[in-house]
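Q: One structure coming up, written as structure tokens, with questions to follow.
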Amino acid sequence: MRGGARGSGARRCGAGARRQSPRYTPPVRDASGPRSDLPLSDLPLSDLVVLDLTRVLAGPYCTRLLADLGARVIKIERPGEGDDMRKNHLQIEPGRADQSTYFIRINVGKESVAVDLSHPQGREVVADLGRVADVFVENFAPGVVEKLGLGYPAMAAIKPDLVYCSISGFGQTGPWRERQAFAHIINAASGMMHLDQGDQPSPRASNLQAADVLAGTHAFGAILAALRRRDRTGRGAYLDVSMLEALIAADDVSYAAVLNGGEAQGSPRPAMGVFAVGGRHLALQTGGAAALWPRLQALLGRPDLAADPRFGTPDQRRRNWPALRDIIGEWLARFPAVDAALEALRGARIPAAAVLMPEEVVAHPHLQARGAFPTVPHPGRGEVRVTAAPFQLDGRAVTPTGPAPYRVGEHTRAVLTELLGYKDRTIDDLAQAGAVQAP
């Protein structure tokens, strides 16, 4: 048996209990779209237990992906309040303030165990769960879990082959390690806010919480890689994922250039145009592939552009993008509507799309065919629509394995019984002491 409880009776008991317990099965889609009824046994992570001490977005997004692929994710929430995002936008049940669509979307398929981490007995419960877990994920500020006695050295001593992942704004080391981190702050510190400013008079906030989602996705990939190594060598791992570095890594041009003495390339990005057409807007791409330039010349009916010194090379076209953008804009202004312009652009194999609103996106036949917006059950609403994982498995959409936790701690009793073998009296005593919440 490799170090820890991976092959222990407690671990087998937990996995067996999970296979036997009822799990929500997403509805089968019709033959025209992807099937989303993957049984739990077909999901690649169905033998794993993940201990999730995360909240808000970066950590929960990572563990949502693990849950979607079958892992049993035990979400540790604060008694009473639970995850902060329970109170976020949009509350879907009258009379409750803890049922936001934000929380539901990110936490589907997880089980809620309410533990007071400030209570010594509560920390003992988490340590016990660590003994039967394969993966431990936390996104507290650096140093917090160490003060709680739940840092990597302590948990690795309990379970040597544990894959332990810390997600933070600036990483676990370095002068900025203790800074508060939200996507908006990371966007500023990463240089992305400056690059997006472009010709605007001042920097502005981004709508996209890219730093969180990218950090969660990188953590997901790193965890799977560490599990692969564990399968091969028996070694656990400690992973340190930085939102700042995840966002910097997402830049495709500027940092590669600046690191080597070049200049940054901010907004408006060359070759990426947005144009008003018939009361709507259209985005098109004219660079990034060598074949696009001759296709564009032919479509515009402007063979003279090939001899124009402003546009002779990709670098010259980048430097003179405003002039080329105006030429394209004049051509597009001839179209009465976006759809007519799109037809012409697609016929010439120029990448283009209408600028859609979210309401149009969720109703789009393409995404419906892909199974991108599945439903999960909800006690107060009946069902709630959420986003699916952004990948498919064996030709099927990867959809949630179950609903989001409705009540804080609603799975405390079942998890502690199934995974740890706690007796009802023990759980009652812990609840009476305030260490856990076990409704």
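Q: In terms of solvent-accessible area of protein heavy atoms at a 1.4 angstrom probe, what is the ranking of R55, R407, highest value first?
A: The ranking, largest first, comes out as R407, R55.
Q: Eigenvalues of the Cα gyration tensor times 5, then square-rooted: what semi-axes does that give for the range 98-163, in whole angstrom, largest first?
A: Its equivalent ellipsoid spans semi-axes of 23, 14, 12 Å.
Q: I want to verify the translational diffusion coefficient of the range 242-312 in µm²/s; compute it with Stokes-Einstein, Rh as the Kirkwood radius over Cα pairs, at 37 °C and 0.692 mPa s.
A: D = 219 µm²/s.
Q: Quickly work out the R407-to-F182 label distance, labels modelled 7 Å from Cα along the C-beta direction, and quote it in nm with one decimal.
A: 3.1 nm
Q: Based on the Cα gyration tensor of the range 193-254, what are the three equivalent ellipsoid semi-axes, each the root of five times an eigenvalue, rounded to whole Å and given largest first?
A: 34, 10, 8
Q: Continuing with this model, one more query. Let's test this: bin the Cα-Cα distances of the range 155-234 at 10 Å from zero up to the farthest pair and state each bin's percent.
A: Pair shares across the bins are 16, 34, 28, 15, 6, 1.
Q: Assuming a viscosity of 1.306 mPa s and a temperature of 10 °C, what translational diffusion coefficient in µm² per second does Stokes-Einstein assign to the range 284-439, Rh being the Kirkwood radius over Cα pairs?
A: Reported coefficient: 74 µm²/s.
Q: For the chain, what is the number of Lys pairs with C-alpha distance below 26 angstrom, counting only pairs 8 or more positions apart or on separate chains?
A: So the count of such lysine pairs works out to 10.
Q: Would you mind calculating the gained length between R232 and S41 on full extension (0.36 nm times residue separation, minus the Cα-Cα distance), in nm to one decimal?
A: Stretched fully, the R232-S41 segment lengthens by 66.6 nm.
Q: Calculate what fraction, in whole %, of the accessible area of the range 297-354 sits on carbon and sulfur atoms when a 1.4 Å probe is rolled over the protein chains.
A: 52 percent
Q: Next question. Keeping every protein chain present and rolling a 1.4 Å probe, give me the accessible area per residue for the range 93-182 in Å².
A: 38 Å²
Q: May I pose another question? Using 0.36 nm per residue, how much length does the chain from I158 to L259 gain when fully extended, once their Cα-Cα distance is taken away?
A: Length gained, I158 through L259: 32.1 nm.
Q: Between A141 and A344, 0.36 nm times their residue separation minus their Cα-Cα distance comes to what?
A: 67.9 nm
Q: Provide the packing ranking of 201-212, 150-161, 105-116, 408-419, i.e. peptides ordered by the mean count of other C-beta atoms within 10 Å per residue, highest first.
A: Per-residue mean Cβ counts within 10 Å order the peptides as 105-116, 408-419, 150-161, 201-212.
Q: Skipping prolines and chain starts, which residues have an amide H placed within reach, meaning under 5 Å, of the one on C165, given they are 5 or more residues away or on another chain?
A: Placed amide hydrogens put F136, V137, E138, L239 under 5 Å from C165.
Q: A further question on this structure: Looking only at Y238, Y255, Y406, which one moves most when the chain is put into a Gaussian network model with springs between Cα atoms under 10 Å?
A: Per the Cα network of the chain with a 10 Å cutoff, Y255 tops the list.
Q: Only Cα pairs within less than 10 Å get springs; with that Gaussian network setup on the chain, which residue of A404, A183, A97 has the largest fluctuation?
A: It is A97.
Q: Taking the square root of 5 times each eigenvalue of the Cα gyration tensor, what semi-axes in Å does the equivalent ellipsoid of the chain have, largest first?
A: Working through the eigenvalues yields semi-axes of 47, 25, 20 Å.
Q: Calculate what fraction, in whole %, of the accessible area of the range 47-94 sits on carbon and sulfur atoms when a 1.4 Å probe is rolled over the protein chains.
A: Looking at the range 47-94 in its full context, I get 57 percent from C and S.
The values are calculated or read from the model by the stated rules, or taken from the named source; none is laboratory data. Predicted, not measured: the structure shown is a model, and the values here were computed from it. Every residue, glycine among them, receives a Cβ derived from its backbone with ideal geometry; neighbour counts consider all protein chains shown. Areas reflect the complete protein model, heavy atoms only, side chains present, ligands, DNA and RNA absent. Shrake-Rupley method; radii C 1.70, N 1.55, O 1.52, S 1.80 Å.
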